[in-house]
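Working notes, structure below.
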Amino acid sequence: QVLRVGVDVLEGRLAHVWMLGSLLSTASLPHGEALQQLRVWLQIVNVLLLLHLLRRLSSLATLLKALPRSGSDATAAPVTPAVTAAAATVAAAVTAAGEHLVPRVHLRSVPPLPLQDADQREALAALRETVRKSVARAGISLGEDEEAVLDDDLACCRYLVARGWAVPPAADMLHAALLWRVRRSPPGPLCDLDSADGAFLRLEGGRGKVYVPDGVDCHGRGVLVLDNSVQRSGSSLQASMRYFAFCIQLALRQAELARARGGGEGGAPAPGLQAPPPDKLLIVIKLHRFSLLNSPPPSHAKETLEMLMNHFPESAGHIIVYRPPRVFSGLWAFSAKLIDAKMRSKVHFISGSVADGSANDALMRRLAGDGWKQLCGCEQPFVSPGCTEGFEPDSYWRGVVQRDRAWSALRGPKPTKGST
């Protein structure tokens, strides 16, 4: 496992280095001294990476030599500071490998509601009061969607958890999220397919670029599937962000509805298995047909990350990057700088074989359930021209209306727009 971690780190860094070299070599640069210097620097970086890996492996060799030999007359070598340091290095590497092979399943971060801790209840009340005052000072009129967020304990607690229950930074975060909602105006529950929102959603998501399966994973989490290769040409930033926000909220409603129904598709748990229920999502990004020609514009990618981190905080349980091509490694190196460490720890890459019994299959079964391929639309046949695998637009949108009507009936006779 230690050797595998070292090789993975080396291969990942080399991929980024050679990605940079290939981009610069194909650009309109003068062939001559500048390009020759670039090649020299690449060779130097490769040598340094190899030396770094060898240094780490030498620590493992030092530890192995210090272990006592088997036998009745074996004597243990003294535990020196060098051996202790080597053991710590190996332990950290093994821990990292174990986390990759058997990742932690992120289910819930918000305490069970209603809040039992007096300090947390006080923080929640102070958050609402602070945000309402800041909104009033800014002269902003909140709509039904924004008021629903302020009235939702779970939604408000997400911001407090994201900022360690510190009210001032959580209030700033929530204030910015409300302003974003006012500007983007994401649609609420879709109870009428013939409405203006219904027409917009069917146009923007008619090919399945982002959709929410009718079911939950084996942990009871809603699932969000993305496939930018079927993105509709000419889609504006406003339209894309409105649609993506609707899908996030639909996935959160799906988890709530599935639990009320006593389970869901995709290997969902039996009722009462998770108490309290999970409040996070499983996000699957299908990249097996990714190319620079169908990649999202930087402005779309940047605001998508901001939505997940700042406007829907503590909502992502795991983010599965499914079968990315090698060219994606360069883009990930750029995108990773925009993501905080907590979010990066939830990202898992699925590359190579996904056949039954493979390592990737075992990982996905742990994160999503035995029926992960059907639930996430992976390795499925195409059923509609121009759409992502396993996606049929007419039946999907009829199902969305049925699910949102059932959710609205579960919440009460008067559904609230844009609830989370």
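Within region 303-348, the only residue that satisfies the criterion of being free of Cβ contacts under 8 Å to residues at least 24 places away in the same chain and open to solvent by less than 30 Å² (accessible area, probe 1.4 Å) is ALA336. Scan region 202-231 for residues that are more than 16 Å from ASN294 (Cα to Cα), surrounded by fewer than 23 Cβ atoms within 10 Å (Cβ to Cβ) and among the hydrophobic types (A, V, I, L, M, F, W, C) and the total you get is 2. Meeting the requirement of 1 or more residues that are more than 17 Å from PHE312 (Cβ to Cβ) and touching a residue at least 24 places away in the same chain (Cβ under 8 Å), the helices (runs of 4 or more DSSP H) wholly within region 150-219 are 167-184, 196-204. In region 360-371, what residues are of a type outside the set (Lys, Arg) and touching a residue at least 12 places away in the same chain (Cβ under 8 Å)? Scanning region 360-371 gives LEU363, MET364, LEU367, ALA368, GLY369, ASP370, GLY371.
If you take just the helices (runs of 4 or more DSSP H) that sit entirely in region 317-416, which of them hold at least 3 residues that are of a type outside the set (Lys, Arg)? Reasoning before the result, please.
Working: elements: 328-335, 341-344, 359-367, 372-376, 393-411.
Passing ranges, in order: 328-335, 359-367, 372-376, 393-411.
Select from region 349-382 the residues that are among the β-branched types (Val, Ile, Thr) and surrounded by fewer than 18 Cβ atoms within 10 Å (Cβ to Cβ) and list them in ascending order.
At the first step, the residues of region 349-382 found to be among the β-branched types (Val, Ile, Thr) are 350, 354.
Passing the criteria: none in range.
Do we find that ALA341 is modelled with pLDDT of 85 or more and out of contact with any Lys or Arg (no Cβ under 6 Å at 6 or more places or on another chain) in this structure? Answer is no for this residue. Looking only at region 225-254, residues that are free of Cβ contacts under 8 Å to residues at least 60 places away in the same chain and assigned to a helix (DSSP H, G or I) come to 6 in all.
Determine, yes or no, whether VAL105 is touching a helix residue (DSSP H, G or I) at 6+ places or on another chain (Cβ under 6 Å), at pLDDT below 95, under 30 Å from ILE350 (Cα atoms) and surrounded by 16 or more Cβ atoms within 10 Å (Cβ to Cβ). Criteria not met by VAL105.
The values are calculated or read from the model by the stated rules, or taken from the named source; none is laboratory data. This structure is a prediction, so every number in the text was calculated from the model and none was measured. FYI the Cβ positions are ideal-geometry reconstructions off the backbone, even for glycines, and counts take in every protein chain you see. Heads up: the accessible areas ignore ligands, DNA and RNA and are worked out on the full protein's heavy atoms, side chains in. Shrake-Rupley method; radii C 1.70, N 1.55, O 1.52, S 1.80 Å.
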